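Enquirer: Before we start, here is the structure in question, set down as structure tokens.
The values are calculated or read from the model by the stated rules, or taken from the named source; none is laboratory data. This is a predicted model, so every value here is computed, not measured. In this analysis, Cβ positions are derived from the backbone assuming ideal geometry, glycine residues included, and neighbour counts consider all displayed protein chains. Side chains included, ligands, DNA and RNA excluded: accessible areas come from the protein's heavy atoms. Shrake-Rupley method; radii C 1.70, N 1.55, O 1.52, S 1.80 Å.
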Amino acid sequence: MDRMTLAALAVFSLFGAIAAADEFHPRPDEATLKDTERLYRRVGVEKDWHSIHVVGNHGYRIEGNTVIEVAVSDKPKQRKASVPADYRLRWLDAAEGIAFIVADRDVAKLDPDDPKSNRVFHRLDLDSMEWLDPFKLPEPSIKSTHQQRIFLGQHANEKPQTLVLADHLLVTPKGVVVLSSESDVYRDESFPDFPQRELIGYHVSCFSARETEAKWDAIIRNGNPANRSVGFAMSSYGDSIDRLTYVSSPHDNDLILVLPSECDPLICVTAADGKVRWRIPAIWEYERGFFGPSVFEHYIERFGLDSMTVQSAKSSVLPGNEKVDRKELRMRIQSKVQGRRKLTAARKAFYARYQGRITGGPFVASHADRFGSPRIYMAAARSLKPEPGCMEQPEHALIYEIEPSGDGAEITGMTRLPRAVISQPYRKVPGGVVLSCEKGCMVRLRTYEPVFGGIMGPGRAADDLVLQVDWYREYLMHSPSAWLYADPRTDVAGFSKARLFRPSRAYVRKKEDEVYQLQINAVDLRTGLDGDLTLSVPFKGSLPLPEAGLSSFNRGTATERFYAHGPHAIWIDRLSVEGERLKVVVAHDNSYTELSFDLSAMLADEVSVKRDK
């Protein structure tokens, strides 16, 4: 080898070494955790961490298109179950030794002509690690009203194709409940190469984990024809609402709450047989009204109308073929007509100004009232309709409390909040619930206790049907002056008995620093007071700036700053509390490290706190 070749190799090696030295290499195994008072002892580090789903004495993890059995002492060989390589698996839940897993096809390999193949719902027998036949979803049975469509097929006169696709799944003590959507598939004349789906309605089906046939199926028609969003998400992970919620009742049948979308009615079915018990459409229409001045009692009804007007508009003139004389019948008809006119006029006036949606829930509170019945909270928002070409108007946040009773439900309280409530994270607490709001705010609501006791008079009327707020907090999420800021993942949270831990803003103080600071916000659920923990992760090399989602300030000057609109380079991917240990999963690209810290000093005041069931 001549001198020129050796010199070239030396130069290439030097450049390679320089590039390798300049690459960003985080070192989470050397991270420290502290607050303003103390440094917390690191008691564990697990590199190459994977999320383990524990079922019985066995553990399972997912890698790409494969489910792998782990941590099984009596089986030295890891057993596996795989699907085709162009799918990625996601664990949903497990029951009776059966795992429920969804397989999503890679985006680049989606088949627009076969929507059923793009997302497949699997059942895996964990004893044999063999795939079972999927649940048999209901046949299309909801009458479609869609007209003038060119439906999926080679010719326009072909029979329309109607699909029933699984959407969400919930494991309950009564069985496995699946929410599926029924929709027409068609091709629009403007975009003939891209099949479209038109939502018709939904099915709620209950299965035994080891059976393919449904025990019962309830049909729910699309409550809002304008709403055409079809999720096909198979999980409420990252969802703004909870589509399926199980409600355990000590004195009545257990219930399942179904909320197909942000604009659809809240529907309650009996968990045992799927019978529809009650439904509440457009809950944001409800307002608090007043009987007075002699009674000083409030009520909650649509648009603030009195309940007699609304009931007259909805009730039957002759319930149960009741026999009445002509005069009574004439009065009932007149009352119904007048009620409908008032209700129609109020609805028209409302939607001329406002638009509404559900922002979070349903949330089920503790059985803390004296009758032992559960309370359900629903979060909604209404905003003024924007003028053409204008931005959306700020929303007015509303929260409602619902008490189910027999075949009906009563809205027992409501209040307004400064910011809209969102679904995650939230926590049931004795006598109420702690909810999250936009911009990191939080609120603790107390189960409503009636204040009416005969003629209240003006002294207590102000509290009638007003939902009771224990505390409401807006957190500033302070961060020191820094060269780079990055937003956290907002769907990550961990709970101790009385505290919420969630990621806050991350930052690097100076460009030349080699420490990435990840803040963890700790909120005391009893008082709403908070404090920050700082997880300091050292790194080697140069921290690159994000290529997208970046704002800059004073760029090119000595005081330049950058703001990443989302996690960047290093982020907290999971938080959990086990006993007195806080477990933090730090992510970088596709690498995960779990760190454990001893928080016994912070959590010492929680010894006497009881967890809500």
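Enquirer: If I ask for residues that are among the hydrophobic types (A, V, I, L, M, F, W, C), within 22 Å of GLU512 (Cα to Cα) and touching a residue at least 60 places away in the same chain (Cβ under 8 Å), which ones from region 524-550 would you list?
Expert: LEU535, VAL537, PHE539, LEU543, LEU545
Enquirer: Still on this structure: Given the criteria more than 24 Å from the chain's Cα centre (by Cα) and either at pLDDT 90 or above or open to solvent by 10 Å² or more (accessible area, probe 1.4 Å) (or both), does PHE371 qualify?
Expert: Values: more than 24 Å from the chain's Cα centre (by Cα): yes; either at pLDDT 90 or above or open to solvent by 10 Å² or more (accessible area, probe 1.4 Å) (or both): yes.
When the stated conditions are applied, PHE371 passes them.
Enquirer: To continue, here is another question. Report whether or not ALA313 is in contact (Cβ under 8 Å) with a residue 40 or more places away in the chain, of a type in the set (A, V, I, L, M) and in a helix (DSSP H, G or I). Break it down stepwise before answering.
Expert: Working: in contact (Cβ under 8 Å) with a residue 40 or more places away in the chain: no; of a type in the set (A, V, I, L, M): yes; in a helix (DSSP H, G or I): yes.
Answer is no for this residue.
Enquirer: At pLDDT 70 or above and crowded, with 18+ Cβ neighbours inside 10 Å: does that describe LEU199?
Expert: Yes, satisfied.
Enquirer: Which number in (1) open to solvent by 50 Å² or more (accessible area, probe 1.4 Å); (2) farther than 30 Å from LEU435 by Cα marks the one condition that SER312 misses?
Expert: Result: SER312 fails condition (1) only.
Enquirer: Let me ask something else. Counting just the residues of region 21-60 that are small (Gly, Ala, Ser) and more than 18 Å from SER591 (Cβ to Cβ), which one comes out least open to solvent (accessible area, probe 1.4 Å)?
Expert: First pass over region 21-60, keeping only residues small (Gly, Ala, Ser): 21, 31, 44, 51, 56, 59.
Those still in the list that are more than 18 Å from SER591 (Cβ to Cβ) too: 21, 56, 59.
Numbers: ALA21: 74, GLY56: 66, GLY59: 3 Å².
Of everything passing the filter in region 21-60, GLY59 is least open to solvent (accessible area, probe 1.4 Å).
Enquirer: Would it be correct to say that ARG416 is among the charged types (D, E, K, R) and touching a residue at least 40 places away in the same chain (Cβ under 8 Å)?
Expert: Numbers: among the charged types (D, E, K, R): yes; touching a residue at least 40 places away in the same chain (Cβ under 8 Å): no.
Judged against the criteria, ARG416 is not a match.
Enquirer: If you don't mind, there's one more thing I want to ask. Any idea which of (1) closer than 18 Å to SER481 by Cα; (2) open to solvent by less than 70 Å² (accessible area, probe 1.4 Å); (3) of a type in the set (D, E, K, R) is the one ASP524 doesn't satisfy?
Expert: (1)
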